[in-house]
Each structure stands twice: as C-alpha cells, then as structure tokens.
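Written out below as structure tokens is the structure these notes cover.
The values are calculated or read from the model by the stated rules, or taken from the named source; none is laboratory data. Here the structure is a predicted model, which is why all the values come from computation and not from measurement. With ideal geometry, Cβ positions are generated from the backbone for all residues, glycine too; neighbour counts draw on all protein chains shown.
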C-alpha cells in the first residue's frame with residue numbers, strides 16, 4: 001500500500017470523526033457535576049418553539065435550522081455581525097417582532113457548563129450546533145471585535161465582526 005492510498009483510506013474515517021462544521025455532534029457531559037441549566041429551570045413552549053428563563057424568551061433553534069420531532073435540524077446560518085443586527089428576516093417569529101442578539105452574559109445564563117459538544121441542554125435546545133454564537137456585547141476599546149460564545153465548549157472569545165458566526169435570538173418577556 002502506498003502512502004497516498006493509506007491517506008485516502010483514512011479520509012472517510014477522519015470525516016466521520018470531525019463531522020460537518022456547525023452540526024451537532026455527540027455531547028459529552030460530566031454527570032458528577034451539578035447542572036447549570038436544568039430543564040426544570042426553563043419554561044418550554046412547544047407550540048411556539050421557544051423557551052423562557054430569567055425574563056428572557058429564546059428561540060429553541062438557531063437561525064437557519066427548523067424544528068422537527070427529532071429536534072432542530074439543518075445547518076445553522078452563518079452570517080456577519082452587521083447582517084445579524086440589521087436583517088429583519090431574523091426578527092419576526094412566534095408572533096413577536098422584537099427579537100435581538102443576546103448579550104454575552106445572557107448567553108452564559110443558558111449554558112450547560114458540565115457539557116461540551118455542545119454546551120447546551122439538548123432537551124431545551126435540541127440539535128444545538130457547534131459553532132461560534134454572536135452576542136451584541138462589544139469588546140471594550142476594540143470597535144472591530146464582539147464577544148462570541150463557542151457553543152461547543154461554552155467559552156467566550158473576542159471575535160472580529162468581519163467574520164461569520166451563527167445566531168440564537170432572544171427577546172425580553174414583558
């Protein structure tokens with residue numbers, strides 16, 4: 001077997017292990033650690049496909065995904081920050097037109113910190129993708145950077161607004 005044949009033979013295995021960018025993979029949770037986002041802390045509205053926690057209403061699926069009996073399916077949209085802030089197609093859902101990008105602190109409030117790949121409660125946010133998640137929180141003193149959450153790990157990082165990320169929108173419950 002040549003080196004090239006060996007590499008080509010490994011390609012399908014590597015593809016399975018890495019998966020598709022943005023697709024949910026097998027979640028790993030440390031069962032001995034306490035839950036930070038237990039299902040009971042959310043009010044789940046299956047009719048409107050939203051959840052409520054701490055005075056905030058969240059869409060259960062990331063933008064670009066659709067709900068099915070299996071959960072949120074499809075690839076989440078990857079868009080630029082300015083488009084996320086201005087695109088009205090993302091702002092109308094479940095009878096409300098005041099959806100917005102969350103702050104980084106609001107995103108931290110729905111993370112399941114004992115889990116990775118993704119760091120979300122999958123009963124609440126089924127099919128949560130593993131990708132960068134926009135917030136509206138600007139990095140102080142750096143006009144071209146925004147805080148994003150790596151949904152696969154639950155780690156917040158500084159991210160250039162010229163790059164793409166996905167959306168999970170929120171609204172204030174009045």
Inset, instruction - Evaluate segment 59-77: report whether one residue or more is outside any loop (DSSP other than H, G, I, E, B), at negative phi and at pLDDT 95 or above. - result: yes
Legend entry - Per-region count, segment 78-93, residues surrounded by fewer than 14 Cβ atoms within 10 Å (Cβ to Cβ) and not in a helix (DSSP H, G or I): 1
Inset, instruction - Run down 147, 134 and say which single residue is at pLDDT 95 or above and either out of contact with any helix residue (DSSP H, G or I) (no Cβ under 8 Å at 6 or more places or on another chain) or crowded, with 22+ Cβ neighbours inside 10 Å (or both). - result: 134
Inset, instruction - State which residue is farthest from residue 75 (Cα to Cα) when the search covers only segment 130-143 and only residues that are out of contact with any strand residue (DSSP E or B) (no Cβ under 6 Å at 6 or more places or on another chain) and assigned to a loop (DSSP other than H, G, I, E, B). - result: 141
Inset, instruction - Could you please give the count of residues in segment 154-174 that are buried (at least 16 other Cβ atoms within 10 Å of the Cβ) and closer than 14 Å to residue 111 by Cβ? - result: 4
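So in segment 31-47, with the set limited to residues that are in a loop (DSSP other than H, G, I, E, B) and surrounded by 14 or more Cβ atoms within 10 Å (Cβ to Cβ), which one is nearest to the chain's Cα centre (by Cα)? Working first, answer last.
Filtering segment 31-47 for residues in a loop (DSSP other than H, G, I, E, B) gives 31-38, 42, 46-47.
From what's left, surrounded by 14 or more Cβ atoms within 10 Å (Cβ to Cβ): 35-37, 42.
Details: 35: 18, 36: 16, 37: 14, 42: 17 Å.
Here the residue is 37.
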